[in-house]
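Here's the structure we're looking at; comments come further down.
The values are calculated or read from the model by the stated rules, or taken from the named source; none is laboratory data. It should be emphasised that the depicted structure is a prediction, and the values quoted were computed from it without experimental measurement. Glycine gets a Cβ as well: all are built from the backbone with ideal geometry, and neighbour counts include every protein chain shown.
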Amino acid sequence: MNLKAVYIHIGWFQMSITNLVVVLSMLLVFGLALVLPFPGNKKGKGQK
Amino acid sequence: MSTGIEKEMWTTKLRKGWQKNLPVEKLLPDTQPAYVASWIYMFGVATLASLGVIIASGLWLSFEGASWYHFSSVGHFVNSIHFWAVQFFFIFMVVHLWGKFWMAAWRGKRMMTWVTGALAFVGSIATAFTGYLIQTNFDSQWISYEAKDGFNSVGIGSKFTVTNFGQMILLHVAFLPVIIGVITLIHVLLVRSKGVVPPIDAFNKELGERK
Amino acid sequence: MSDRRTELEAAPWGGRTRRYDLIKEGVVAVVIIAILAAVLSTLFGSPDDKQITFKDWATAAPADFYATSVQELAGTSGTAGYGAPYNTASDGVNLGPLHLAKIMGVTHPVDTVNDFVITPLTTVSNAAPVADALKLWQASDAKQQSTWATNYDTALTKANQDASKVPTGDYGPVPELAAGLLTMAQAGSLDGALLSQGNYFQSDNTKQTLFLGDGSYFNDQSTASNLQGDTWGMMNETGRYPGQAWLWLYSFWYQIPPFNNGDSHPFGANADAWIMVIMGALSLGLIIMPLIPGVRSLPYKIKIHRLIWKNYYQEENL
């Protein structure tokens, strides 16, 4: 990890691959949290 | 039961207010509304858990001193735990924030829950920043040199001196964690006291609306 | 929103519930995150690029160090001309008519001539030329000192920082003083002298950091690691580590006009102050977001909440 960082550079936009991974994993985690079924959600117990 | 004198007592008022708004059944409930069934609800707790790991590793680092991790392999490991836990902390907090935004979680008189959460976010950025300043390495030399201009430009630099290592280490390990701790505590107590916000369309039937 | 709806949403939930173990959830979360952090720490460690000392600088880039010392004596360095909170050399940046730094005053006085050069030189025993130069400097008045330093600074700049190519002139003791400081820095004794400033306990690195930043060496190191503000440096970290990605928005403003042009007035030249104001306003906006029309309605228009509560909506036929 102490090697020289690699950057994505498009116009004024510039971001290190590592930061990009962090941001994308954040979006991925958010998306998965919305889509993945939550365990034990069939028939809620303790009515009322 | 209570006499007129008791009614006026501050202690009595605090106890009664507490019992009314946050009885222990609300503080530590064993059920949640049926709609609390999504992974998105994990991220508040995940943020708190990351904060726990940050505080534990941070305490260890502070007992050993700011330069310990440069020459001790155990120190470097504990510093790494602190570093990665901060990354997790922010990732989870941002996902939590997104989740609460799309739930419009400020509904039902929960405005202060949102406000304290946002304050915790802004305060955490300041706390993390002071952490970067006390790494006692090249990064902290550079960040303090660059950041001074921002703070100086609006006069804050006259009191908050990022190049003053002594001030930054004290703020990072004492003042700022206390502030974050208190805001977080209020935030969590508000969540427990007000309960988890119901779905946006939950009361459409009661209100005679169709979607 | 109707008041009736608000009341319903605020009232304790009267509908179906499910078992939920908060404490177990919390404990499991702490364990998982501790394990994840331990795994990443074992695999990758954490960034720790060695700090730069004055010894490093004076050894690796002696000409740059020498020229910077002369600039400190002549008052042409970045710090010497900074203004508040270090000195009164300039008004600093402004927000229109507001010079906030200047209003707050000089709270951390820095005298580049004495703090950076003369005082450190007096803490060590110097070779004869340097000792004599120091005596001559201290016996002269400020005007004479300034003339010598300015003459030499101008000549050295013309000679592209190559002291051997500077023609003879009225430089007084300045070349010897800078050479003495270079020797001192190369020997490693300037680091301590700059920090302590004649004291025993010291925890304020402001003077060291300002002096370090006045030279090119430190800045070049930062450019090499992509840490400069005009290349999103605020978000970056040394090596391949993740940086403070949460500062992306703060960093963003420095990349776009007018803030990315330091010569454009009034905004570019005062970008630091204006971006502080923008970020302050945006932070406030985040805090009071539920009160902002338009933004607060987005969750009703973009119905991501139907995904979050999909089971509930299905079961309740909503």
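The table below lists the values:
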| read-out | value |
| --- | --- |
| Qualifying residue in the stretch B:9-21 (condition: modelled with pLDDT of 95 or more, in a helix (DSSP H, G or I), small (Gly, Ala, Ser) and over 30 Å from C:TRP248 (Cα atoms)) | no |
| Boolean, C:ALA193 is among the hydrophobic types (A, V, I, L, M, F, W, C) and under 15 Å from C:VAL117 (Cα atoms) | yes |
| Given (1) surrounded by fewer than 18 Cβ atoms within 10 Å (Cβ to Cβ); (2) at pLDDT 95 or above; (3) not charged (D, E, K, R), index of the condition C:PRO175 fails | (1) |
| Members of the stretch B:49-58 that are facing chain C (nearest Cβ under 7 Å) and either surrounded by 23 or more Cβ atoms within 10 Å (Cβ to Cβ) or not small (Gly, Ala, Ser) (or both) | B:ALA49, B:SER50, B:VAL53 |
| All helices (runs of 4 or more DSSP H) inside the stretch C:148-241 with 1 or more residues being within 13 Å of chain B (Cβ to nearest Cβ) and β-branched (Val, Ile, Thr) | C:206-214, C:216-224 |
| Subset of the stretch B:93-108 (residues that are charged (D, E, K, R) and within 7 Å of chain C (Cβ to nearest Cβ)) | B:ARG107 |
| Residue satisfying condition, being touching a Phe, Trp or Tyr at 6+ places or on another chain (Cβ under 6 Å) and of a type in the set (A, V, I, L, M), within set C:LEU8, C:LEU36 | C:LEU8 |
| Counted residues, the stretch B:84-107 - those being closer than 21 Å to C:SER46 by Cβ and small (Gly, Ala, Ser) | 1 |
| Enumeration of residues in the stretch B:178-195 that are surrounded by fewer than 19 Cβ atoms within 10 Å (Cβ to Cβ), touching a residue at least 40 places away in the same chain (Cβ under 8 Å) and either within 30 Å of B:PHE138 (Cα to Cα) or of a type in the set (A, V, I, L, M) (or both) | B:ILE179, B:ILE186, B:VAL188, B:LEU189, B:VAL191 |
| Residue in the stretch C:91-144 that is nearest to the chain's Cα centre (by Cα), counting only those that are in a helix (DSSP H, G or I) and within 13 Å of chain B (Cβ to nearest Cβ) | C:ALA101 |
| Candidate set: the stretch A:1-19, residues that are more than 7 Å from chain C (Cβ to nearest Cβ) and either assigned to a strand (DSSP E or B) or within 24 Å of C:PRO257 (Cα to Cα) (or both); chosen: the one farthest from the chain's Cα centre (by Cα) | A:GLY11 |
| Near pairs, Cβ below 8 angstrom, 6+ apart or cross-chain, from the stretch C:1-14 (facing chain B (nearest Cβ under 7 Å)) to any residue that is part of a helix (DSSP H, G or I) | C:ALA10/B:LYS194 |
| Some residue of the stretch C:285-298 being outside any helix (DSSP H, G or I) and either crowded, with 17+ Cβ neighbours inside 10 Å or facing another protein chain (nearest Cβ under 9 Å) (or both) | yes |
| Residue match in the stretch C:50-64 (condition: facing another protein chain (nearest Cβ under 7 Å), in contact (Cβ under 8 Å) with a residue 40 or more places away in the chain and either within 28 Å of B:ALA66 (Cα to Cα) or part of a helix (DSSP H, G or I) (or both)) | yes |
